[in-house]
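Scroll down for the structure; my scribbles are underneath it.
Values quoted throughout were computed directly from the atomic coordinates according to the rules given, and no laboratory measurement underlies them. Bear in mind that the values here come from a model prediction, so they are computed numbers and not experimental data. Reconstructed Cβ throughout: ideal geometry from the backbone, glycine too, with neighbour counts over all protein chains shown.
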Amino acid sequence: MITAVGDTATFVSEGSGNWRCTDYNKVSGRAINEVTVATDSIIGLSSNLSDGSYTLDGTQAAVGGLFSKASNVYTLLRDAYFNVLTITSPASLVTNGYRIYANTVTGTGSINNNGGAGGAGAIAGTGTGGTAGAATPAGTLPASTAGQAGKTAVV
């Protein structure tokens, strides 16, 4: 990764000298648009980048067993092992609880695994809170917990 003074990151040891970055925040507050891994041995992949290279730009078709596609949104169906992954806006890749391993990830699109949106609260006067957002799905990684329902207003 290319870093700057003040950026923060959390790494977790996966054993055998392999480390995984679980959180990275740029001091500028901007999204991470390009991440380059200098060598695949850093993340313990050896040469297993068997899924090859893809550009997800809204025109790339779904690839059976790897990712599905709905409009400009691609969704992983399993852990992915890319040599180069490019995601061009407005396309996005939903990890769906799976991991991405790659030599290079670049582009202006996004990678996410957001939970479901919570429901809207009731119109003023009743003060009923909104419904809880759904959890993220489990893939190779465990599912998240669902959000909590909004509280009822006391008037």
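Points worth noting:
- Sequence of TYR74, TYR98 once ranked by neighbouring C-beta atoms within 10 Å, starting from the fewest: TYR98, TYR74
- With both labels modelled 7 Å from their Cα along Cα-to-Cβ, the ASP79 to THR8 distance reads 2.9 nm.
- Order of PHE11, PHE67 under a 10 Å beta carbon neighbour criterion, fewest first: PHE11, PHE67
- Order of SER92, SER53 under a 10 Å beta carbon neighbour criterion, fewest first: SER53, SER92
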